[in-house]
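The values are calculated or read from the model by the stated rules, or taken from the named source; none is laboratory data. It should be emphasised that the depicted structure is a prediction, and the values quoted were computed from it without experimental measurement. Cβ coordinates were reconstructed from backbone atoms using ideal geometry, including for glycine residues, and neighbour counts include every protein chain displayed. To get the accessible areas, we keep the full protein, side chains included, count just its heavy atoms, and leave off ligands, DNA and RNA. Shrake-Rupley method; radii C 1.70, N 1.55, O 1.52, S 1.80 Å.
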Amino acid sequence: MKALQPLGSVIEGSLTGGLEVRLHPDISVEDMRVGKFLVVQGVRSRFFCMLTDVSLRSSNARIIANPPNWDDHFLREVLAGSGTYGMINLALMLMFTPETTATTYSPMDFIPSSTGLASFQPQTNTTIELLPVKTIPSHFSQVYEANEDDFRKVFGWEDDPQRKNFSIGKPLDMDVPVCIDLNRFVERSNGIFGKSGTGKSFLTRLILAGVIRKSAAVNLIFDMHSEYGWEAVAEGKNVNTVKGLKQLFPKSVEVYTLDRDSTKRRGVRDAQELYLSYEQIEIEDIKLCSRDLGLSEAALDNANILFSEFGKSWIIQLLNMSNEDIDMFCEEKRGHKGSIMSLQRKLLRLDSLKYMRGSCPQNYINKILQSLEAGKNVVVEFGSQSNMLSYMLVTNMITRRIHEHYVKKADKFLQSKNPLDRPTPLMITIEEAHRFLDPGVVQSTIFGTIARELRKYFVTLLVVDQRPSGIDNEVMSQIGTRITALLNDEKDIDAIFTGVSGAGGLRSVLAKLDSKQQALILGHAVPMPVVVRTRPYDSVFYTEIGDVAWEEKSDAEVFAAAEVAKADLGF
């Protein structure tokens, strides 16, 4: 391996505070950028680090008091590196030490080169065990830029046959893929965060496409703004629209719509209609939407009285009550007339929802369940019904019933231990997640339950939000992997690092992200926090990850597929 030029020497540091590195005189401080990955070669260990801060120092206060003129190039060059120098701060992320790995190394593996860089080259087909950092390198250990080999050791490669790795992007200053382990990603609930306009939808679509391509989980996506199903508006100037998941994976994705007319206007193919009935609405659904409906606690208490009396038909009975009926009911059941009349008025809003019916000819939620159990990924489009009331009501109604089904399936699997009974992992994507996971409602909603259960019943969440500070702290602490674009609000930044140790240096990294196509990834699915330039969602991505639609196949491909089909049928 070609020896790399050392960038600087470790002069101070601690395990918790990170390392202070003095740059060598020939290294420009302007080449050191926050988020850059560096390695420190110690005597016995190699440390993988992230640059978290850059500063200028001087060896003599008199230089600062009387600096040289800008046009005095000779004096500035004399002082550079001796009287004045650059400093960088490194956060220690991972280490690999030969004595603790399963690999056999020879002494030559760590013999330094003429520049001081140990070769650290294990034999072919060996593996290196990544370890948490429990010590620090010694004084004057040399610091180098991380190379492709270092990244491969840490993040693996996308075509690893033993893992479902997915390339989400590249380091800011390198052309090497950074992979996340999708098997680990779907083990816990995850979050995609960023302020408005930072590309959260593109990041979400990128992740969902990877999960579908690698068959890591089956997905249920509540598509509030119709961005994930068929196509979406592009942010660039050259392309008007980008492909949705149905276009990328026509055989693996099904679209259900709450607004048939809107779906037809946008040219969505093979979309199935979705209707819900009043009998499917329970008190929990109404409670979650109480803010949007303007319901008081007294109204919710009286809703419980109505449900106890009429069961599933409580809303239909209420909407059909006259004032005299309400009087009689309150006398017999000790209800509060004013609260019930208020509840009746507020629930009349449900009549204006296009997808709401008194009764449905079939159970559409069961149809969604059948699609999921068949391995199909389901996108629920809202169209013109994308107001917050509809989004919260529909999402809660469907999710609660699907979760109940998965609980039964998981219990059956735990009892039988039969691999055929094992449920396929389900990932549910919700937008505006803080509305579902607000501290005031999270204890009583199905989404808080799913987030706290981790993967107990094979169901996890992918929450997409621009206000992570609005999500309950307990839920945030359970978020396994956090993919975060630029955030400016201090409360939101604090929320991202809830339950994360050593977050001080990462805060400065997050604050320095570009507003587009950059993200900080940390948590369960990556071995260490990493800043990436996210993978473009473009025609190259479509070709690499999507299925080719039948009408886009060449004549040779169509003919070959027909021959295979004929052979299978015995012709």
Worksheet item: Of the residues that sit in the range 22-61 and are in a strand (DSSP E or B) and among the β-branched types (Val, Ile, Thr), which one is farthest from Asp173 (Cα to Cα)?
Response: Val40
Discussion item. Which condition from (1) in a helix (DSSP H, G or I); (2) of a type outside the set (Ser, Thr, Tyr); (3) open to solvent by 70 Å² or more (accessible area, probe 1.4 Å) is the one that Leu318 breaks?
Written reply: (3)
Worksheet item: Looking at the range 161-193, which of its residues are of a type in the set (S, T, N, Q), open to solvent by less than 10 Å² (accessible area, probe 1.4 Å) and farther than 26 Å from Glu431 by Cβ?
Response: Asn165
Worksheet item: Are there any pairs with C-beta distances below 8 angstrom linking a residue in the range 439-453 that is of a type outside the set (A, V, I, L, M) to a residue that is open to solvent by 10 Å² or more (accessible area, probe 1.4 Å) and part of a loop (DSSP other than H, G, I, E, B), with the two at least 6 apart or on different chains, and if so which?
Response: Pro439/Asp472; Gly448/Val441; Gly448/Asp472
Response to the item:
Note on Leu4: of the conditions (1) modelled with pLDDT under 90; (2) hydrophobic (A, V, I, L, M, F, W, C); (3) open to solvent by less than 20 Å² (accessible area, probe 1.4 Å), unmet is (3)
Worksheet entry | Residue match in the range 496-505 (condition: among the aliphatic types (A, V, I, L, M), on the phi < 0 side of the Ramachandran plot and at pLDDT below 90) | yes
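Here is a yes/no grid of residues against (1) at pLDDT 70 or above; (2) crowded, with 18+ Cβ neighbours inside 10 Å:
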position	(1), (2)
Val39	yes, yes
Arg57	yes, no
Asn66	yes, no
Asn89	yes, yes
Thr97	yes, no
Thr104	no, no
Discussion item. Given the criterion within 24 Å of the chain's Cα centre (by Cα), surrounded by 20 or more Cβ atoms within 10 Å (Cβ to Cβ) and more than 23 Å from Ser252 (Cβ to Cβ), identify the matching residue among Tyr355, Tyr391, Tyr406.
Written reply: Tyr391
Item to complete: Go through the range 129-145 and give me each residue that's at pLDDT below 90 and open to solvent by 60 Å² or more (accessible area, probe 1.4 Å).
Response: Glu129, Pro132, Lys134
Worksheet item: Which condition number in (1) in contact with a helix residue (DSSP H, G or I) (Cβ under 9 Å, 6 or more places away or on another chain); (2) assigned to a loop (DSSP other than H, G, I, E, B); (3) at pLDDT 85 or above is the one that Met174 fails?
Response: (3)
Worksheet item: In the range 429-444, which residues are surrounded by 23 or more Cβ atoms within 10 Å (Cβ to Cβ) and either hydrophobic (A, V, I, L, M, F, W, C) or within 22 Å of His405 (Cα to Cα) (or both)?
Response: Thr429, Ile430, Ala433, Phe436, Leu437
